[in-house]
Amino acid sequence: MNTSIAVVRRSPEEQVRLEAMLQEIVEHRLKFNEIIGLRVASFDPETPRLSFDMRPELVGSYIHNRLHGGVIATALDTVGGFAVTMGLAEKHADETAEQITVRLGRIGTIDLRVDYLHQGVGRSFHASAKVVRLGGRIASVRMELLNDADLLIATGTAAYIIS
């Protein structure tokens, strides 16, 4: 007797719809992300990525023309939350795009640690994250920010409430 349970996944069309909705939220509805210029670079549930370009408005040290530490922390926190969202989308692969976006509205940062390793110098930056643990109420994530030369600018760890 076969006791395996078939896992129902959202259709490819629904997945495309979900990704479009998440991209709209991350890039435009979260206005601070829009100000920074954060863009979705990858929806890969294992290592989602966001990217942004250096602009004068993001400079924290006008003498050295380097990225503001708050922008670095924001990029890491945002990619961490995005990774949790992608993890929840995989965990609840039977849910619609609307159901996943409702879950997104319940995610909140509990704790964020940022280690600044190099000056934030570059033409562009990309942030990636990996969910370490996705529990029933709390998610733990590791994040990295690299510049266009793939120099590791900063790392971060965070905990997020997910319910």
Defining a contact as two alpha carbons under 8 Å apart and six or more residues distant in sequence, what relative contact order in percent does region 12-161 show? 24
Tell me the label only: which of (i) 1.00; (ii) 1.02; (iii) 0.98 is Rg/Rh (Cα atoms, Kirkwood Rh) as calculated from this structure? (ii)
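Taking the beta-carbon count within 10 Å as an exposure proxy, list 86, 54, 143 from fewest neighbours to most.
On the way: 86 23, 54 20, 143 26.
The order, fewest Cβ neighbours first, is 54, 86, 143.
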Max mean-square fluctuation residue, GNM over the chain, Cα-Cα springs under 10 Å, options 24, 14, 57: 57
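With 10 angstrom as the radius, rank 82, 32, 43 by how many other C-beta atoms surround their C-beta, starting from the fewest. Display every interim value, and only then the final one.
Numbers: 82 28, 32 9, 43 17.
By the 10 Å Cβ count, ascending, the order reads 32, 43, 82.
Classify region 11-97: rounded, prolate or oblate, from the alpha-carbon gyration tensor (a ≥ b ≥ c, eigenvalue square roots; a/c under 1.5 rounded; otherwise prolate if a/b is larger than b/c)? Before the final figure, lay out the partial values.
Details: a/c = 3.22, a/b = 2.44, b/c = 1.32.
Prolate shape, in that a/c is at least 1.5 and a/b is the bigger ratio.
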Fewest to most Cβ atoms within 10 Å: 61, 163 sort as 163, 61
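Any read-out appearing in this document is the output of simple, stated calculations on the displayed coordinates, not a laboratory observation. None of these values were measured; they are calculated from a predicted model. FYI the Cβ positions are ideal-geometry reconstructions off the backbone, even for glycines, and counts take in every protein chain you see.
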